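Asker: Okay, here's the structure, questions in a sec.
The values are calculated or read from the model by the stated rules, or taken from the named source; none is laboratory data. Just so we're clear, the structure is a prediction, and the values are computed from it rather than from any experiment. Here the Cβ is made from the backbone with ideal geometry for all residues, glycine too, and neighbour counts use every protein chain on show.
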Amino acid sequence: MDLTAQLDQRRPKRADAARNFDALLAAARAAFTELGPGVALEDIARWANVGIATLYRNFPTRESLIDGAYAAEVDKACEYAAGMTPWGDLVAWVENFTNTLGSNGALVEMLVGPSVSASRSALWTAGASVLDRAVAAGAVSSKVEIDDLMRLVVGISSMFAADREQRDRVLGMMLDGIRAA
């Protein structure tokens, strides 16, 4: 799924409306990074110097704003999954995905939430492709399902760790746990 292309199709054609659209995306990325995933949408609109109605006209839900704000990162994680070989590339994809999530708290929160967004759907599909190849090659236990893997990765990405080395050790333990005997 190419979320960036879908976002480009939704981008207004009028120059002033396009500037507002881009300003909202930039403000959302900055606000989610600085203030966390629970930041008020009114604050994001204010950071973008637009009214709340402009935000809702372009992004009717918090999920659609998060999808837009992180479209490029989600697309990159999905592209990373294409054309890989079984175990080594599953590890590389999980590590890349963990790094992407580690800096995007709003994306993490949306991925563990009850609803299914475009980002979540795209990432689950890409991850399933990599996991299925690893299971078919006998590199990963057949008991592992995509939802299990994604929840493990999201959990590790969002956990408090003393440093990146600790997070990488925990990730290594998780990967050892899903590897076929």
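Asker: Among the candidates W124, W93, W87, single out the residue that is among the aromatic types (F, W, Y) and touching a Phe, Trp or Tyr at 6+ places or on another chain (Cβ under 8 Å).
Answerer: Criteria check complete, one pass: W93.
Asker: Still on this structure: Among R169, R151, R179, R133, which is more than 21 Å from L35 (Cα to Cα), free of Cβ contacts under 8 Å to residues at least 12 places away in the same chain and out of contact with any Lys or Arg (no Cβ under 6 Å at 6 or more places or on another chain)?
Answerer: Going through R169, R151, R179, R133 in turn, the sole match is R169.
Asker: Right, next: Within segment 108-125, is there a residue that is among the hydrophobic types (A, V, I, L, M, F, W, C), in contact with a strand residue (DSSP E or B) (Cβ under 8 Å, 6 or more places away or on another chain), assigned to a helix (DSSP H, G or I) and more than 25 Å from A31 (Cα to Cα)?
Answerer: no
Asker: Right, here's the next one. For residues that are within 15 Å of A118 (Cβ to Cβ) and more than 16 Å from the chain's Cα centre (by Cα), tally how many sit in segment 7-32.
Answerer: 3
Asker: I need the full set of residues from segment 80-101 which are modelled with pLDDT of 75 or more and not aliphatic (A, V, I, L, M), in order please.
Answerer: Across segment 80-101, the qualifying residues are P86, W87, G88, D89, W93, E95, N96, F97, T98, N99, T100.
Asker: If you don't mind, there's one more thing I want to ask. Between residues in segment 42-62 that are farther than 17 Å from A18 by Cβ and residues that are small (G, A, S) and assigned to a helix (DSSP H, G or I), which pairs lie under 8 Å by C-beta distance while being six or more apart or on different chains?
Answerer: Here the result reads D43/A31; I44/A27; I44/A28; I44/A31; W47/A27; W47/A30; W47/A31; I52/A45, each pair linking segment 42-62 to a residue that is small (G, A, S) and assigned to a helix (DSSP H, G or I).
Matching residues to (1) closer than 16 Å to S157 by Cβ; (2) of a type in the set (K, R):
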{"site": "P37", "(1), (2)": "yes, no"}
{"site": "D43", "(1), (2)": "no, no"}
{"site": "T61", "(1), (2)": "no, no"}
{"site": "S64", "(1), (2)": "no, no"}
{"site": "K76", "(1), (2)": "yes, yes"}
{"site": "T100", "(1), (2)": "yes, no"}
{"site": "M110", "(1), (2)": "yes, no"}
{"site": "V116", "(1), (2)": "no, no"}
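Asker: Sticking with this one: Output the residue which, of all residues in segment 159-173 that are under 14 Å from V94 (Cα atoms), surrounded by 12 or more Cβ atoms within 10 Å (Cβ to Cβ) and not basic (K, R), is modelled with the lowest pLDDT.
Answerer: D168
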